1. Write down the accessible area per residue of the chain in Å², having rolled a 1.4 Å probe over the full set of protein chains.
2. Just the Cα atoms of the stretch 3-79, one point each, no solvent: what log10 I(q)/I(0) does Debye give at q = 0.14, 0.17, 0.22 Å⁻¹?
3. Based on the Cβ-Cβ distance from Asn74 to Val18, what FRET efficiency comes out when R0 is 35 Å, to the nearest 0.05?
4. For helix 29-45, report the angle its Cα long axis makes with the longest principal axis of the Cα atoms of the chain; keep it between 0 and 90° and round to the nearest 10°.
5. Based on DSSP H runs of at least 4 residues, each adding -39500 (n - 2.57), what is the mean residue ellipticity at 222 nm of the chain after dividing by all its residues, to the nearest 500 deg cm²/dmol?
6. Place a +1 charge on the Cβ of each Lys and Arg in the chain and a -1 charge on the Cβ of each Asp and Glu, then give the dipole magnitude about the Cα centre in debye, rounded to the nearest 20.
7. Around Ala66, with a cut-off of 14 angstrom between Cβ atoms, what is the net charge of the other residues, counting Lys and Arg +1 and Asp and Glu -1?
8. What distance in nm lies between label points placed 7 Å from Cα along the C-beta direction at Asp3 and Glu45?
Amino acid sequence: INDFSYLHTNCFELSIYVGCDKYPHESELPEEWENNRESLIVFMEQVHRGIKGIVKDVHGKGIPNAVISVEGVNHDIRTGR
């Protein structure tokens, strides 16, 4: 569903697997956290990269359903309500 959400909505979902076992036993979680902590923190910091903002009209009101295009990126998105 991640690909569908990205292509057909403004929602970017992702799944992260840090091991081969989809449902590790709770006793294994502290070790999994330690093995992947630094990478996961650096990944979460990436939320501050890219372009973000609010699309407004000349009166400062938000523009719903405005199309946003980025040159060189073949995937337009639309603003929310």
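The values are calculated or read from the model by the stated rules, or taken from the named source; none is laboratory data. What you see is a predicted model, and the numbers here were worked out from it, not measured in a lab. Positions of Cβ are generated from backbone atoms using ideal geometry, with glycine treated the same way; all protein chains shown enter the neighbour counts. With ligands, DNA and RNA removed, areas are computed over all heavy atoms of the protein, side chains included. Shrake-Rupley method; radii C 1.70, N 1.55, O 1.52, S 1.80 Å.
1. Numbers: 7680 Å² over 81 residues.
Dividing the accessible area of the chain by its residue count gives 95 Å².
2. One equal scatterer on each Cα of the stretch 3-79 leads to -0.72, -0.87, -1.12.
3. Numbers: r = 31 Å, r/R0 = 0.88.
After rounding, the FRET efficiency stands at 0.70.
4. It is inclined by approximately 20 degrees.
5. Computed mean residue ellipticity for the chain: -9000 deg cm²/dmol.
6. Details: 8 positive and 13 negative charges, 167 e Å.
That gives a dipole near 800 debye.
7. Numbers: positive: Lys56, Lys61, Arg78, Arg81; negative: Asp57, Asp76.
Once all neighbours under 14 Å are counted, the net charge is +2.
8. Label at Asp3, label at Glu45, 3.2 nm between them.
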